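Data first, discussion second: the structure below is written as structure tokens.
The values are calculated or read from the model by the stated rules, or taken from the named source; none is laboratory data. These figures come from a predicted structure and were not determined experimentally. FYI the Cβ positions are ideal-geometry reconstructions off the backbone, even for glycines, and counts take in every protein chain you see. We work out accessible area using only protein heavy atoms, side chains counted, and drop any ligands, DNA or RNA first. Shrake-Rupley method; radii C 1.70, N 1.55, O 1.52, S 1.80 Å.
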Amino acid sequence: MKKLLPIMLLFLATQTSFSQEKLGKPFFTGSGNVTLSINEHYTLDPDDGEPFLVPNAIFFRMGFGYEFKKRVALSVNGGFDYHWNYAVSAFPTYFSLKYNITEDQGDNFFTEVSYGKMWRPSVNYPDGNYYRIGLGTQVAGSARWNTIFRLDFHRKGIIGFENNRLDSISLGIGFLFF
């Protein structure tokens, strides 16, 4: 019994110290992105009213993941993409790895890479791979909500499409809920 008491105290002390060191926390995320392209009908004449940049695709994303010690986050995501110039829609499902480059009072500047599968609802093109790399900033909000602004490069592998892929750069806004 005398030997059991120090072992139990040591076990209780290690449990208390490890429980106070929080490894990380789960989160829920979502975003909306838009891609812009140069308007082929744009002229330098200011009277025609044509804008220089026009939107050509919209992406919606949702996911959940786990952030480790405010530096690295892993997540599983899904979404819907629609490129109206090509009448191409897709449902990407992918894994993301996010790395916070800097952190200042809850605000982060990060880079993120993603890889997954892209599902196609039509028979015009087969399913393909999905890749994404991007930069962004996460602004700490009240309580558990954070706002995200991002710039991403997307590549969708579509066999039978131009160069067997569809590349786009998008601007997005989203949220992160801890």
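Suppose the filter is farther than 22 Å from Phe59 by Cα and acidic (Asp, Glu); does Asp127 pass it?
When the stated conditions are applied, Asp127 does not pass them.
Would region 128-137 turn up any residue that is surrounded by 14 or more Cβ atoms within 10 Å (Cβ to Cβ) and in contact (Cβ under 8 Å) with a residue 60 or more places away in the chain?
No - not one qualifying residue is present in region 128-137.
Among the numbered criteria (1) under 15 Å from the mean Cα position of the chain (by Cα); (2) open to solvent by less than 70 Å² (accessible area, probe 1.4 Å), which one does Leu74 miss?
(2) is the only condition that Leu74 fails.
Any idea which of (1) assigned to a strand (DSSP E or B); (2) among the hydrophobic types (A, V, I, L, M, F, W, C); (3) open to solvent by 10 Å² or more (accessible area, probe 1.4 Å) is the one Phe110 doesn't satisfy?
Condition (3) is where Phe110 drops out.
For Gln105, only one of the following conditions fails: (1) surrounded by 13 or more Cβ atoms within 10 Å (Cβ to Cβ); (2) more than 18 Å from the chain's Cα centre (by Cα); (3) of a type outside the set (Val, Ile, Thr); (4) within 28 Å of Phe68 (Cα to Cα). What is its number?
It is condition (1) that Gln105 fails.
Would a scan of region 83-94 turn up a residue that is surrounded by fewer than 18 Cβ atoms within 10 Å (Cβ to Cβ), over 18 Å from the mean Cα position of the chain (by Cα), small (Gly, Ala, Ser) and assigned to a strand (DSSP E or B)?
Yes: region 83-94 contains one or more residues that are surrounded by fewer than 18 Cβ atoms within 10 Å (Cβ to Cβ), over 18 Å from the mean Cα position of the chain (by Cα), small (Gly, Ala, Ser) and assigned to a strand (DSSP E or B).
Scan region 53-65 residue by residue and report those that are under 13 Å from the mean Cα position of the chain (by Cα) and open to solvent by 70 Å² or more (accessible area, probe 1.4 Å).
Those that are under 13 Å from the mean Cα position of the chain (by Cα) and open to solvent by 70 Å² or more (accessible area, probe 1.4 Å): Phe60, Met62, Phe64.
Enumerate the pairs (first residue in region 30-46 and within 30 Å of Thr93 (Cα to Cα); second residue anywhere and open to solvent by less than 30 Å² (accessible area, probe 1.4 Å) and modelled with pLDDT under 85) with beta-carbon separation below 9 Å, excluding pairs fewer than 6 apart on the same chain, so at least 6 apart or on different chains.
Nothing qualifies.
For region 31-56, how many residues are over 30 Å from Leu176 (Cα atoms), at pLDDT 80 or above and either aromatic (Phe, Trp, Tyr) or touching a Leu at 6+ places or on another chain (Cβ under 8 Å) (or both)?
Of the residues in that region, 3 qualify.
Is it the case that Lys98 is crowded, with 18+ Cβ neighbours inside 10 Å and charged (D, E, K, R)?
yes
Results for (1) exposed (fewer than 13 other Cβ atoms within 10 Å of the Cβ); (2) of a type in the set (D, E, K, R); (3) closer than 28 Å to Tyr66 by Cβ; (4) at pLDDT below 95, shown as yes or no for each residue.
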position: Arg144; (1), (2), (3), (4): yes, yes, yes, yes
position: Ile148; (1), (2), (3), (4): no, no, yes, no
position: Asp152; (1), (2), (3), (4): no, yes, yes, no
position: Lys156; (1), (2), (3), (4): no, yes, yes, yes
position: Ile159; (1), (2), (3), (4): yes, no, no, yes
position: Leu166; (1), (2), (3), (4): no, no, no, yes
position: Ser170; (1), (2), (3), (4): no, no, yes, no
position: Gly174; (1), (2), (3), (4): no, no, yes, no
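Being under 18 Å from Ala57 (Cβ atoms) and not hydroxyl-bearing (Ser, Thr, Tyr), is that true of even one residue in region 134-146?
yes
When the residues of region 109-142 are narrowed to those that are modelled with pLDDT under 95 and of a type in the set (A, V, I, L, M), which ends up nearest to the chain's Cα centre (by Cα)?
Ranking the candidates gives Met118 first.
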